[in-house]
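**Q** This is the structure I have questions about; it appears just below.
The values are calculated or read from the model by the stated rules, or taken from the named source; none is laboratory data. This is a predicted model, so every value here is computed, not measured. Reconstructed Cβ throughout: ideal geometry from the backbone, glycine too, with neighbour counts over all protein chains shown.
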Amino acid sequence: MEDNRQKGILTVVSGFSGSGKGTVMKSLISRHEEYWLSVSATTRSPRPGEQDGREYFFIAKEKFEELIESDQLLEYAKYVDNYYGTPLPYVREKLLQGRDVILEIEMQGARQVKERFPEAVLIFITPPSMEELERRLVNRGTESAEVIRGRLLQAAVEARAMEEYDYILVNETGGADDCAERLHGIIQSEHFRSFRNHSVIRAMSKDTMKGEII
Ligand code: 5GP
């Protein structure tokens, strides 16, 4: 198990393709600058408009495998024929500085994070229904009917694993800002969990002892 004396909170956000989680994350970051969104490494090619070091670190497969070998990744997964992984050193550094860190990753990675950092908060973002998910994928207009069918089947399988998450956030259509605020509320509340406040508990226990002695 990892050292869990960190001050920042590690949050994992996952969601179906078409859940709108990307928009929710953008809304969160623009409203609350305190969060640090981890930049993953991937072997997939950049899409138009994506920049190396901003959306992802785009690296070759050999380099990715080196990172795995040298234990530089907090977690990684193979997703649609490409590797995706979270570089560990940055995350560790930010957490130790007291920053709340967010990883936007898929389910296999989320499970690995929970194993390594049991105190991490796992949040799943979903549209209100399968019909709504289908509507969003169709409206996006970027995928063929066959790809959309594949995404919906994948979503039906992934839905079973939603129970492994600590929180479920329903992202209503047009409600990304509202969803971002609920996400913010969850992370802020997590700061008050008793297991994250041992120092306060210890300080109070000592004071009580003194009172008894005097
Ligand atoms: P995309 O290729 O559309 O950018 O991402 C595909 C999937 O990979 C998304 O579900 C995204 O959340 C996930 N992903 C992005 N970075 C990471 C990562 O570092 N680790 C894991 N496990 N999944 C990631």
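**Q** Cβ-Cβ distance below 8 Å, separation of 6 or more or different chains: which pairs start in segment 83-109 with a residue that is more than 18 Å from Ile29 (Cα to Cα) and of a type in the set (A, V, I, L, M) and end on one that is part of a helix (DSSP H, G or I) and within 11 Å of the ligand (Cβ to nearest atom)?
**A** Filtered contacts from segment 83-109: Met107/Glu158.
**Q** Condition first: within 10 Å of the ligand (Cβ to nearest atom), acidic (Asp, Glu) and either modelled with pLDDT of 95 or more or within 17 Å of the chain's Cα centre (by Cα) (or both). Now tell me which residues in segment 27-83 satisfy that.
**A** Residues satisfying the conditions are Glu55, Glu75.
**Q** Right, another one. Restrict the check to segment 33-40 and report whether at least one residue is outside any strand (DSSP E or B) and over 28 Å from Arg136 (Cα atoms).
**A** Looking only at segment 33-40, we keep the residues that are outside any strand (DSSP E or B), and these are 33-34, 38-39.
Then keep just the ones that are over 28 Å from Arg136 (Cα atoms); that gives 33-34.
Yes - at least one qualifying residue is present in segment 33-40.
**Q** Return yes when Ala120 is closer than 28 Å to Ala159 by Cα and within 8 Å of the ligand (Cβ to nearest atom) and no when it is not.
**A** Answer is no for this residue.
**Q** For the subset of segment 160-178 comprising residues that are touching a residue at least 12 places away in the same chain (Cβ under 8 Å) and assigned to a helix (DSSP H, G or I), which member is surrounded by the most Cβ atoms within 10 Å (Cβ to Cβ)?
**A** Ala176
**Q** Taking the stated definitions as given, is Glu65 farther than 25 Å from Arg136 by Cβ and in contact with a Ser or Thr (Cβ under 6 Å, 6 or more places away or on another chain)?
**A** No.
**Q** I would also like to ask the following. Can you find, within segment 126-143, the residue that is surrounded by the fewest Cβ atoms within 10 Å (Cβ to Cβ) among those that are of a type in the set (Val, Ile, Thr) and modelled with pLDDT of 90 or more?
**A** Of the residues in segment 126-143, the ones of a type in the set (Val, Ile, Thr) are 126, 138, 142.
Filter once more, so that each one left must be modelled with pLDDT of 90 or more: 126, 138.
Working: Thr126: 24, Val138: 12.
Here the residue is Val138.
**Q** Restrict the check to segment 179-190 and report whether at least one residue is free of Cβ contacts under 8 Å to residues at least 60 places away in the same chain, assigned to a helix (DSSP H, G or I), under 19 Å from Gly20 (Cβ atoms) and in contact with a strand residue (DSSP E or B) (Cβ under 7 Å, 6 or more places away or on another chain). Before you say what the answer is, go through the steps one by one.
**A** If we filter segment 179-190 for residues that are free of Cβ contacts under 8 Å to residues at least 60 places away in the same chain, which is where we start, we get 182, 185, 188-189.
Filter once more, so that each one left must be assigned to a helix (DSSP H, G or I): 182, 185, 188-189.
Still in the running and under 19 Å from Gly20 (Cβ atoms): 182, 185.
Filter once more, so that each one left must be in contact with a strand residue (DSSP E or B) (Cβ under 7 Å, 6 or more places away or on another chain): 182.
Yes - at least one qualifying residue is present in segment 179-190.
**Q** I'm checking my understanding of the structure. Among residues of segment 123-145 that are away from the ligand (no atom under 15 Å from the Cβ) and either among the acidic types (Asp, Glu) or in a loop (DSSP other than H, G, I, E, B) (or both), which one is nearest to Lys7 (Cα to Cα)?
**A** Restricting to residues being away from the ligand (no atom under 15 Å from the Cβ) and either among the acidic types (Asp, Glu) or in a loop (DSSP other than H, G, I, E, B) (or both), the top hit is Pro128.
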